[in-house]
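The values are calculated or read from the model by the stated rules, or taken from the named source; none is laboratory data. Quantities reported herein were computed from a predicted structural model and do not represent experimental measurements. Don't worry about glycine lacking a Cβ; one is built from the backbone with ideal geometry, like all the others, and counts go over all protein chains shown.
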Amino acid sequence: MHRIASQLLAGSARHARRSPSVFRVLASRSLHHRVQPPYNVEDGMGDFLPPASLKMIAEDYQQGLLDRLNDEVKDTPQRPRSVVQTVIEAAQDPSKALMFSYASEALNNSFFLQCLKPPRAGALDHEDDMSQYLSGRIREQFGSVAQLKSTFGATALGMFGSGWVWLVCDQSGELAVIPTFGAGTLLVRSQVPIQTHIKGTSTAVIGEEPIIGRPRGIPGVNPTGQPAASSPASGVSSQQHPPHPPTQTRQFSSSALRANDSFRVASLSDHANRPPLGDTLFPLLCVSVHEHAWVSAGYGVWGKEEYMKRFWSVVNWEQVSRHYAIYAPDRSTADI
C-alpha cells in the first residue's frame, strides 16, 4: 500500500496539491464511504418507491450498514478489505458473524438497488427490454412471465421476517426463485464474488467509494473458476448508529438448498418435474423483503403484497437479460 501511495504522490505532486481529496481517499482507504446509485435518488423510483423511501434505503440505511461495518473491521485484518472480500473472509470465522452480517447486508442492498431502473414516461414497466432468449426460457420453465411474478411474489409473502428473494439461474439456464433470510446472500460463493463472471463488472457496492490502488479481483482467486456454495452467518448489533439495520438475522446456507429436498419442493412446488438446479447459482434479480422498505414507502405495515406488485414496474429487464446471456449462453444460436 505504501508503495502505491508513494508512486501516486511522486508522479502527481502538483495535482495532489490542488486536489486534497486524493489525500483524503488515501488516508481513509480502509474505510467504506457511500456513493450514489446509477440514477437520481431524489426522483424516487416511480410508483414503487417515493423519493423519501428510496433515499432511506439507498443512502440512510446503506450508510448505517457501512458505518457499523467500519466499526466492526477496526483493528482487524479486514480493515483494508472491500465489502465483497469482507463477506468472504468473515463467513469463514464464526467470531466475525456481526461483521459478516453488515457486509453481506450492504452487498445485498446494493444488488437490489442496481436491479432497479426508473420508469419511462408512458410505460408501465421495462418488460419490452427483456431479451427473446430470456423471455422464451421463462415461458418454458414457468409458463409465462406472469407466473414467474406470481411465484416470486408468493415466495416473498411466505417469508416471516426480513430477507431477500432472488431470481437465479445455473449454467444450463435453469431458472429458480430462492429466498435467503436475514443477511444471507447468494452473491458470494466459496471465495469468489459471483459478479466477477461478468467481464467488466465492478465488485464495488453502492456506498463503497472506489479505492485508489485496490487490486482487481481477489488475490489468489481465479475469477473464472467454478465456485461452490458458501454458508453465511449472522448476528445482532449493539452499536448505536442511525439509521436502523436489522437487529436480528437468521443463518442461511445456500448449500442446504441442494441437501434439503423439502426446501426445494417448497420453493419450486409448481415446477416439480423440472430438472434440478446445478451446483452453481447465479443471481439475476433480487428484491429486499424488509418491513422498512414498504412501510417507508407508504404501503403500511401489511403492505408487502402491494409493494411486491409495484416492484415489477421498475425491474431492469435489460440488465437481467444481459446477465442471463452471460451466465447461460444461448447454445441454439451458436450452431447457426
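Which of the residues spanning the stretch 69-98 are assigned to a helix (DSSP H, G or I), of a type outside the set (D, E, K, R) and touching a residue at least 40 places away in the same chain (Cβ under 8 Å)?
Going through the stretch 69-98, the residues assigned to a helix (DSSP H, G or I) turn out to be 69-73, 83-90, 94-98.
From what's left, of a type outside the set (D, E, K, R): 69-70, 73, 83-88, 90, 94-95, 97-98.
Listed by number, the residues that qualify are 73, 83, 84, 85, 87, 88, 90, 94, 97, 98.
Within the stretch 290-336, track down each residue that is surrounded by 13 or more Cβ atoms within 10 Å (Cβ to Cβ) and polar (S, T, N, Q).
Within the stretch 290-336, 296, 313, 316, 319, 321 qualify.
Do you know which of the residues in the stretch 138-152 that are assigned to a helix (DSSP H, G or I) and among the hydroxyl-bearing types (Ser, Thr, Tyr) is farthest from residue 168 (Cα to Cα)? Please lay out each step first, then the result.
We begin by selecting, within the stretch 138-152, every residue assigned to a helix (DSSP H, G or I); these are 138-142, 145-152.
Still in the running and among the hydroxyl-bearing types (Ser, Thr, Tyr): 150-151.
Numbers: 150: 16, 151: 13 Å.
Among residues in the stretch 138-152 that are assigned to a helix (DSSP H, G or I) and among the hydroxyl-bearing types (Ser, Thr, Tyr), the one farthest from residue 168 (Cα to Cα) is 150.
Search the stretch 113-131 for residues being among the charged types (D, E, K, R) and surrounded by 16 or more Cβ atoms within 10 Å (Cβ to Cβ), and hand back the single one that is nearest to the chain's Cα centre (by Cα). Show your work before the answer.
Step one: filter the stretch 113-131 for residues among the charged types (D, E, K, R), giving 117, 120, 125, 127-129.
Now drop any that are not surrounded by 16 or more Cβ atoms within 10 Å (Cβ to Cβ), which leaves 117, 125, 129.
Values: 117: 15, 125: 21, 129: 21 Å.
It comes out as 117.
Identify the residue in the stretch 152-184 that is closer than 16 Å to residue 289 by Cα and touching a Pro at 6+ places or on another chain (Cβ under 6 Å) and, among all such residues, is surrounded by the fewest Cβ atoms within 10 Å (Cβ to Cβ).
As a first pass, look at the stretch 152-184 and keep what is closer than 16 Å to residue 289 by Cα: 152-167, 177-184.
In the following step, the residues that additionally are touching a Pro at 6+ places or on another chain (Cβ under 6 Å) were identified as 155, 159, 162-163, 165-166, 184.
Working: 155: 22, 159: 15, 162: 21, 163: 24, 165: 26, 166: 26, 184: 25.
Ranking the qualifying residues of the stretch 152-184, first place goes to 159.
Scan the stretch 116-127 and report the pairs whose first residue is farther than 17 Å from residue 53 by Cβ and whose second residue is of a type outside the set (Asp, Glu) and part of a helix (DSSP H, G or I), with Cβ atoms within less than 7 Å and a gap of 6+ or a chain change.
What qualifies is 124/313; 125/312; 125/313; 126/317; 127/145; 127/317.
Which of the residues that make up the stretch 174-189 are modelled with pLDDT of 95 or more and farther than 13 Å from residue 101 by Cα?
Residues satisfying the conditions are 174, 175, 176, 177, 178, 179.
Among the listed residues 113, 107, 31, 66, identify the single one that is part of a loop (DSSP other than H, G, I, E, B) and in contact with a helix residue (DSSP H, G or I) (Cβ under 9 Å, 6 or more places away or on another chain).
After applying the criteria, what remains is 31.
Since residue 117 meets every condition but one in (1) closer than 30 Å to residue 64 by Cβ; (2) touching a Cys at 6+ places or on another chain (Cβ under 9 Å); (3) among the basic types (Lys, Arg), which condition does it not meet?
(2)
Can you tell me which residue among 22, 87, 83, 35 is farther than 25 Å from residue 166 by Cα and modelled with pLDDT under 95? I'd like the intermediate steps shown before the answer.
Numbers: 87 fails: farther than 25 Å from residue 166 by Cα; 83 fails: farther than 25 Å from residue 166 by Cα; 35 fails: farther than 25 Å from residue 166 by Cα.
Exactly one of 22, 87, 83, 35 is farther than 25 Å from residue 166 by Cα and modelled with pLDDT under 95, namely 22.
All but one of (1) modelled with pLDDT under 90; (2) within 29 Å of residue 103 (Cβ to Cβ) hold for residue 273, so report the exception by its number.
(2)
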